[in-house]
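The values are calculated or read from the model by the stated rules, or taken from the named source; none is laboratory data. As the structure is a prediction and not an experimental result, all values here were calculated from the model. Please note: Cβ atoms are built from the backbone with ideal geometry, for glycine as well, and neighbour counts cover all protein chains shown.
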Amino acid sequence: MTKKGKNRKGFFLFNAVFSLVSYVIRLLFPPKCVICNNMLLKENELCETCLPLWESARRAKCPVCHKTARACICRTFHMTDTDSVGDRSISALGFYKKFGSDDPVDRLVLRLVTAVKTREEKSAIRFCARELSHEILKTFILDGRSTADWRITFPPRSKKRVRKYGFDHGKELCKYISKYTGIRYQQTLTNSAVLSQKHLNSLERKKNADSSYRIRKKTKIEGNYIVVDDIVTTGATINAVASALKSAGAGSVYPVCIAKTKKKKRRLRRPAERPWFTAK
Ligand SMILES: [Zn+2]
Ligand SMILES: [Zn+2]
């Protein structure tokens, strides 16, 4: 047999073995929907039920400023004209109205957040990191800015919760976003919270967040920061983090999250007129 013939035979053999191994892996570990965790028939990230709902969530417009969640310029409850984030808006992948809502899109968005926070297998984290990376880069490109003097950071989970779930989802999200965007990742904060934000009212949340986040010892804060959080409800956490970073010398703070609360018309606060890049 000629050398060429041998190579071709080797190539076919390699392909056959590769296909067989892939088939066995798929049989042993069938692909599952990133959001609902149901088994998938096709090589996809979302199942046939979740995909159209996720697309609706991504397309949804804010009822107050009529922009999508990435570009919405409205502030949450704790964000006023004088807060630490200042005139910067919060980019999100989608809106949600409230916990316990029976709206299927709301439920899907919250289900994804839960998957990111609790599922040990990191497919939901990678999925959100990819979507967030896309939105972050889009914002920078549209504004004609470079990401060179920006870093990515996150409000860390309390030690108790890290022990309970075995990982800090904020850290994992940041690491993947850094990998996908090339923006540097830096761990900047500590969380000494004893109480979870979930069951507190808005003023208690603010008090709890303000006393929880501190800059890590021997950490140099410089340049601007993209702060990645899972969910922004009242803005208490983002505000506390932005305030800690700015007191330590950070420039701009750009918050991004998976989901943020949707504004209702009757609770309208004046939306920021300037985009988040504008220096104060
Ligand atoms: Zn699904
Ligand atoms: Zn808005």
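A few comments on the model shown:
- Glu120 vs. criteria within 15 Å of ligand 1 (Cβ to nearest atom), modelled with pLDDT under 90 and in contact with a helix residue (DSSP H, G or I) (Cβ under 8 Å, 6 or more places away or on another chain): no
- Residue satisfying all of: in segment 212-243; part of a loop (DSSP other than H, G, I, E, B) and under 16 Å from the mean Cα position of the chain (by Cα); surrounded by the fewest Cβ atoms within 10 Å (Cβ to Cβ) among these: Thr233
- Every test in (1) more than 16 Å from ligand 2 (Cβ to nearest atom); (2) part of a loop (DSSP other than H, G, I, E, B); (3) within 16 Å of Ala259 (Cα to Cα) is passed by Glu55 save one, and that test is (2).
- Consider segment 170-211 and keep the residues that are over 17 Å from Phe154 (Cβ atoms) and of a type in the set (Lys, Arg). The one that is nearest to the chain's Cα centre (by Cα) is Lys198.
- In segment 1-35, the qualifying residues are those that are under 24 Å from Ser123 (Cβ atoms) and aromatic (Phe, Trp, Tyr), and the one that is nearest to ligand 2 (Cβ to nearest atom) is Phe29.
- Verdict on Arg59 being in contact with a Ser or Thr (Cβ under 9 Å, 6 or more places away or on another chain), loosely packed, with under 13 Cβ neighbours inside 10 Å and modelled with pLDDT of 75 or more: yes
- Residues in segment 111-150 that are within 22 Å of Ala209 (Cα to Cα) and touching a residue at least 60 places away in the same chain (Cβ under 8 Å) were compared, and the one that is surrounded by the fewest Cβ atoms within 10 Å (Cβ to Cβ) is Lys117.
- Of the helices (runs of 4 or more DSSP H) lying entirely inside segment 121-193, the ones with 3 or more residues being more than 30 Å from Lys207 (Cβ to Cβ) are found at 123-142, 169-181.
- Scanning segment 36-51 for residues that are without any contact (Cβ under 8 Å) to a residue 12 or more places away in the chain and part of a loop (DSSP other than H, G, I, E, B), we see that the one that is farthest from ligand 2 (Cβ to nearest atom) is Leu41.
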